[in-house]
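The values are calculated or read from the model by the stated rules, or taken from the named source; none is laboratory data. Computed from a predicted structure; not experimentally measured. Neighbour counts are summed over all protein chains in view; Cβ atoms, including those assigned to glycine, are modelled from backbone coordinates with ideal geometry. All accessible areas refer to the heavy atoms of the entire protein, side chains included, with ligands and DNA or RNA removed. Shrake-Rupley method; radii C 1.70, N 1.55, O 1.52, S 1.80 Å.
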Amino acid sequence: MNDRDQKRLDARLRRSGEVRGKYDRSSTNSRKRRLPAIADAAAPTDIQGALAARVPGDDVIFNYASAPNQLLPVEPSFLEWELRKDHPGYDIAYTMDLSAQYNHEATPDHVVFNGQDISFFGYPSKPYYDYVFSDVYDSYGSAFILRPKNMNFHSFRQTGYLFNGQMTEAGGKTYYTGFALILECDNIAGMQENDADAPNIAALRLYYLKNEEWNTDAPYSNWYSDTFPPSATRTHITTIKNGIENLSTDPFRVSVETDPVNPAFKVYVDGSIAADLSEQYANDYIGGDTQGSGFGFFTSYYSHSCSILTRITYEQTAFGINYAPLERTKATVRFAEQSNPAHVLRAPETEEGWFYQQYRIRQPQTIVDADAVVWYLSGNSLDEDTGSDIHLTYLPAAEDNETTLFYVQQGSGKPIEEEPVKTARVNGGEWEVGSDLAPITVAPGDEIEYSITVFGIPPGS
């Protein structure tokens, strides 16, 4: 989503009072909802080829073919998280002042969405297990940046990205089954020292978790037992990256490509393939388990007792999902006179699409009205360049997808018989109009700027 689209969406949310990503801490279960695909899965993924295939007549709105593995930089707070578990409250490690410092404003939540980042903040003693999880989308994977030198591993035990999985409940307890990319502490005593000369070490590993209990209010047999998680619920597939040092490691980008139809997936680190599981290989781990398509993030902690704050952050998260409302939305392009926008020159053009699908608007340089008068393009309501297409993203409300193209009348289309206005300024001074009789004086080394206005007032206005 570009800045223009984000501003359009923010304005709509302010008008409607809608806030996405709200949750009820009193409940850890919600009704599963499968959303429709953004576009036909059989549609061509070559964008230029798709566009060339449909440029009939005077159409001006063209939908881009949906790219299934396209990762959208949508803010996590806009997503619907079915399950979200943390243990809100300030304490001697997570004070109100520190919360405000790291989150721009104080919040007692220990799982915090801040722009495209997801942060986990630890506890002074109890080894809680916090997570967010969603199973309402068809997921094509996610990407994020881990920047350990901007974190503080301290008492963290594990943190990770969950995918191709599902959460179930039984007997008042929550269980996870699925794959997980886990950054875990390599010091079984806990990363509780903060010495840059003797950095704490972690490793990024790929696991399959089978019906693992996540009772986060008491994840250990007692508060000071660090034997969790039990190895019986986990199968180690491969180690992705070793030697990840707290306080000093350079950032690295992790991306996971999944298929919502089958469990095959690939893991990349800084663009290089790190794991590639085919459908058959992935099914070897899944066995008779029901395949899930959910994804999420979690962090767990060692039990200890001190006031040092553990901080884990997933930066610049991106999500490959079919993120669409249950109803399709539409875009509209209107054609109006520059000096009198109420004067409609021709019928509007419309096109349907899904929320977050991208589309482009072709700007006809000339149009002909019902009286056979030729009109010439002079601008648009988005203040975009009139010499190229406008690229946009569908927003949920149709009124937020309206664009007006403005036109001026130039008689029979004869060239404009008006001398251009030529001005210049020297070294950032005042703009001046020079001529052969009164040239603008310049000297060697001066910085000269030129401006040529073809016509200051649109002809016919």
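Computed quantities for the displayed model
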quantity: Counted charge near residue 289, where neighbours are those whose Cβ lies closer than 13 Å (Asp, Glu -1; Lys, Arg +1); calculated: -1
quantity: Sites residue 350 and residue 245 - FRET efficiency at Förster radius 56 Å, r taken between beta-carbons, to 0.05; calculated: 0.50
quantity: Under 5 Å, built H, 5+ apart or other chain: amide partners of residue 151; calculated: 247
quantity: Region 336-346 - phi-based ³J(HN,Hα) in whole Hz, Karplus 6.51/-1.76/1.60, Gly and Pro as x; calculated: 9, 6, 4, 7, 9, x, 6, 7, 7, 8, 7
quantity: Simple Cβ-charge dipole of region 69-129, Lys/Arg +1 and Asp/Glu -1, about Cα centre, in debye nearest 20; calculated: 200
quantity: Sequence-distant residues sharing a close amide H with residue 397 (under 5 Å, placed H); calculated: none
quantity: Environment charge at residue 334 (Cβ cut-off 10 Å; Lys +1, Arg +1, Asp -1, Glu -1); calculated: -1
quantity: Candidate residues 96, 151, 167: accessible-area rank, largest first, probe 1.4 Å; calculated: 96, 167, 151
quantity: Integer Hz, Karplus 6.51/-1.76/1.60 couplings in order for region 283-292, x for Gly and Pro; calculated: 5, 4, 7, 5, x, x, 5, 6, 6, x
quantity: Heavy-atom accessible area ranking, 1.4 Å probe, most first, across 236, 154; calculated: 236, 154
quantity: Cα shape, region 294-404, gyration tensor, a/c 1.5 rule; calculated: prolate
quantity: Distance (nanometres) between label positions extended 7 Å along Cα→Cβ at residue 253 and residue 307; calculated: 4.0
quantity: Per-residue SASA entry for residue 375, accessible area with 1.4 Å probe, Å² rounded to 10; calculated: 10
quantity: Residue 426 accessible area, assembled protein chains, probe 1.4 Å, Å²; calculated: 30
quantity: Reference-scaled alpha-carbon Rg (2.2 N^0.38 Å with N residues) for region 113-182; calculated: 1.27
quantity: Neighbour net charge for residue 148 - beta-carbon separation under 9 angstrom, K R +1, D E -1; calculated: 0
quantity: Sequence of 272, 125 from largest to smallest accessible area, 1.4 Å probe; calculated: 272, 125
quantity: Electrostatic dipole magnitude of region 262-368 [Cβ: Lys, Arg +1; Asp, Glu -1; Cα centre; debye, to 20]; calculated: 500
quantity: Simple spin-label estimate for residue 238 and residue 97 in nanometres, 7 Å along Cα-Cβ; calculated: 4.8
